[in-house]
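To start, the structure under review is shown below, and the notes come after it.
All of the numbers you see were taken from the coordinates with simple rules; none came from a lab. From a predicted model like this one, the values you see are computed outputs, not experimental measurements. Glycine also receives a Cβ, built like all others from the backbone with ideal geometry; neighbour counts cover every protein chain displayed.
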Amino acid sequence: DGGITQSPKYLFRKEGQNVTLSCEQNLNHDAMYWYRQDPGQGLRLIYYSQIVNDFQKGDIAEGYSVSREKKESFPLTVTSAQKNPTAFYLCASTREGTVNTGELFFGEGSRLTVL
Amino acid sequence: AQSVTQLGSHVSVSEGALVLLRCNYSSSVPPYLFWYVQYPNQGLQLLLKYTSAATLVKGINGFEAEFKKSETSFHLTKPSAHMSDAAEYFCAVSQSGGSYIPTFGRGTSLIVHP
């Protein structure tokens, strides 16, 4: 079955360490997104990529980095520059082109806790 | 520009009662509108969407929503709540003819009492 796989599901990190969250999709979707979710704040866009080898900052990109070397993969690195990284991170994808309505397909999420 | 407002961070109903979750949007062009549901420690799942066809949209699990342009609203309803409906619900808007990147509301937590 097609879908989006995020790993790891739970991750603990010490302050000052970088950590990379994996996101892989086999839906043949062009666009991929990373959102951060905090209680009571909804989903906030970190980065998005509409084609391979290209990506744009979202609303809260500071302290994060991404790459898009393959259509299927869009990893997110949470760097030590991110001051408050403890959160639930969601990866999503969507089709591009004339069929695109903005409907997103989500992974199961990764919960990062900084100790 | 686009934005979404969900009225009420928590809504509490009794099992069997009507569910009403409110969503108002702003958009400079005709919108696409979505409701998603999220269960604890899981990703979001699409409940239903409005993409400029019928204004009354039916979704999964007995939910439906009505697009009202004059009120800029897209409220989610279900006639009879079930315990399994307890979850977080998100309204989202994207713009037709634009970049399609959706904007999400802050979410409403639905609590169902026995």
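Hey, any hits in region B:87-95 for a residue that's more than 13 Å from chain A (Cβ to nearest Cβ) and touching a residue at least 40 places away in the same chain (Cβ under 8 Å)?
The first filter runs over region B:87-95 and keeps only residues more than 13 Å from chain A (Cβ to nearest Cβ), leaving B:87.
Subsequent filtering for residues that are touching a residue at least 40 places away in the same chain (Cβ under 8 Å) retains B:87.
So far as region B:87-95 goes, yes, one or more of its residues are more than 13 Å from chain A (Cβ to nearest Cβ) and touching a residue at least 40 places away in the same chain (Cβ under 8 Å).
Among the residues of region B:9-59, write down those that are outside any strand (DSSP E or B) and within 15 Å of B:Phe74 (Cβ to Cβ).
Looking only at region B:9-59, we keep the residues that are outside any strand (DSSP E or B), and these are B:9, B:15-18, B:28-30, B:39-43, B:51-55, B:59.
The answer is B:Pro30, B:Thr51, B:Ser52, B:Ala53, B:Ala54, B:Thr55, B:Gly59.
Checking B:Gly8 against (1) under 14 Å from the mean Cα position of the chain (by Cα); (2) more than 18 Å from B:Ile111 (Cα to Cα): exactly one of these is not met. Which one?
Answer for B:Gly8: the failing condition is (2).
Tell me yes or no: at least one residue of region A:46-61 is surrounded by 12 or more Cβ atoms within 10 Å (Cβ to Cβ), more than 11 Å from the chain's Cα centre (by Cα) and under 15 Å from A:Phe106 (Cα atoms).
no
For the subset of region B:78-95 comprising residues that are out of contact with any Phe, Trp or Tyr (no Cβ under 6 Å at 6 or more places or on another chain) and either assigned to a loop (DSSP other than H, G, I, E, B) or of a type in the set (Lys, Arg) (or both), which member is surrounded by the most Cβ atoms within 10 Å (Cβ to Cβ)?
B:Ala81
Is one or more of the residues making up region A:42-62 part of a loop (DSSP other than H, G, I, E, B), under 27 Å from B:Gln6 (Cα atoms) and facing chain B (nearest Cβ under 8 Å)?
Yes, because at least one residue in region A:42-62 is part of a loop (DSSP other than H, G, I, E, B), under 27 Å from B:Gln6 (Cα atoms) and facing chain B (nearest Cβ under 8 Å).
Among the listed residues A:Thr20, A:Thr5, which satisfies the condition of being part of a strand (DSSP E or B) and away from every other protein chain (no Cβ under 13 Å)?
Details: A:Thr5 fails: away from every other protein chain (no Cβ under 13 Å).
Only one candidate qualifies: A:Thr20.
Okay, residues lined up against (1) within 14 Å of another protein chain (Cβ to nearest Cβ); (2) free of Cβ contacts under 8 Å to residues at least 12 places away in the same chain; (3) exposed (fewer than 15 other Cβ atoms within 10 Å of the Cβ); (4) farther than 16 Å from A:Gln41 by Cα:
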residue: B:Tyr25; (1), (2), (3), (4): yes, no, no, yes
residue: B:Pro30; (1), (2), (3), (4): yes, no, yes, yes
residue: B:Leu33; (1), (2), (3), (4): yes, no, no, yes
residue: B:Gly43; (1), (2), (3), (4): yes, yes, no, no
residue: B:Val57; (1), (2), (3), (4): yes, yes, no, yes
residue: B:Phe74; (1), (2), (3), (4): yes, no, no, yes
residue: B:Gly105; (1), (2), (3), (4): yes, no, no, no
residue: B:Ile111; (1), (2), (3), (4): no, no, yes, yes
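If A:Glu103 satisfies all but one of (1) crowded, with 17+ Cβ neighbours inside 10 Å; (2) within 14 Å of chain B (Cβ to nearest Cβ); (3) under 15 Å from the mean Cα position of the chain (by Cα), what's the number of the condition it fails?
(3)
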